[in-house]
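For reference, the structure discussed in these notes is given below.
The values are calculated or read from the model by the stated rules, or taken from the named source; none is laboratory data. The model shown is predicted, which means the values in this text are computed figures rather than measured ones. Cβ sites come from the backbone with ideal geometry, for glycine too, and all protein chains shown count toward neighbours. The accessibility values were calculated without ligands, DNA or RNA, using every heavy atom of the protein model including side chains. Shrake-Rupley method; radii C 1.70, N 1.55, O 1.52, S 1.80 Å.
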Amino acid sequence: KKSYHIKRRTKLSRFRGLPTVFDIALLPFDRTDPKPAQPITVLPSGDTRWQKGLYETHGFTADDKGIVFSGCSDPKAPWNNDILIANPTTRDLTDQVTDSPEWDEHAHFQPGTRRLLYSSARGIKKRRTVLFPNAEWWVREADGTHHRLTWFTDQSWPLRIASGPDGKSNAIPSTNLFAADGAWSPDGSAYAGVLLIWERRWPEWIVVVDFK
């Protein structure tokens, strides 16, 4: 059986002031052969604007027929990062998950469903910088509706973690943070993700959201 790994290739660019992804490729692996085959290049030919602002790949759709990634179509608004899905066979865009004037990324489908959890800076009054925004986790349900899942940037949120593993220290020392990348449990009952704290040395916390 063959399996695939998504690879992004970057080059230095003035776009965003950061290395820009200009190519998404699939690396086919044969379990009987440790050497990967030649990459299968995947570029969303349906809208060439995204080839200039591809930012990051996040994984596959629940049925493995699409690649989830994020990118920006407007170099003049690098903070407008959206989540999209491309078909690796036709190389066309099949879905634009988000279309907000804010930063969206780190999208992952819940196993066996069409629910998508992602990071977003939308709805947060306390903004930071373009390159280091505050962000929370959001969910897009199967019917296309979006709703905010967490309020870690709000000190008054009742479900905000109050103490660290030792039961004494403050688990989340700041409201300046980015709810970043994560992964679902195999059965889809929980999501473990990273909170990147915008403080000196950038401490990180791993938290688990229970969906039961």
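Table for the structure above
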{"quantity": "Residues (under 17 Å from Leu26 (Cα atoms) and either of a type outside the set (A, V, I, L, M, F, W, C) or open to solvent by less than 20 Å² (accessible area, probe 1.4 Å) (or both)) located in region 84-95", "calculated": "Leu84, Ile85, Ala86, Asn87, Pro88, Thr89, Thr90, Arg91, Asp92"}
{"quantity": "Some residue of region 172-179 being modelled with pLDDT of 90 or more, open to solvent by less than 40 Å² (accessible area, probe 1.4 Å) and within 18 Å of Phe211 (Cβ to Cβ)", "calculated": "yes"}
{"quantity": "Region 70-83, residues that are under 15 Å from Leu93 (Cβ atoms), in a loop (DSSP other than H, G, I, E, B) and open to solvent by less than 20 Å² (accessible area, probe 1.4 Å)", "calculated": "Cys72"}
{"quantity": "Single condition Ile67 does not satisfy, out of (1) under 25 Å from Asp154 (Cβ atoms); (2) aliphatic (A, V, I, L, M); (3) open to solvent by less than 10 Å² (accessible area, probe 1.4 Å)", "calculated": "(1)"}
{"quantity": "All positions within region 180-212 that are modelled with pLDDT under 90, out of contact with any Phe, Trp or Tyr (no Cβ under 9 Å at 6 or more places or on another chain) and not in a strand (DSSP E or B)", "calculated": "Glu199, Arg200, Arg201, Trp202, Pro203, Lys212"}
{"quantity": "Near pairs, Cβ below 6 angstrom, 6+ apart or cross-chain, from region 118-139 (under 14 Å from Ala77 (Cβ atoms)) to any residue that is hydrophobic (A, V, I, L, M, F, W, C) and modelled with pLDDT of 75 or more", "calculated": "Ala121/Trp103; Ala121/Ala135; Val130/Trp79; Pro133/Trp103; Pro133/Ala121"}
{"quantity": "Matching option when the condition is surrounded by 15 or more Cβ atoms within 10 Å (Cβ to Cβ) and either at pLDDT 85 or above or on the phi > 0 side of the Ramachandran plot (or both), among Thr145, Thr98, Thr113", "calculated": "Thr98"}
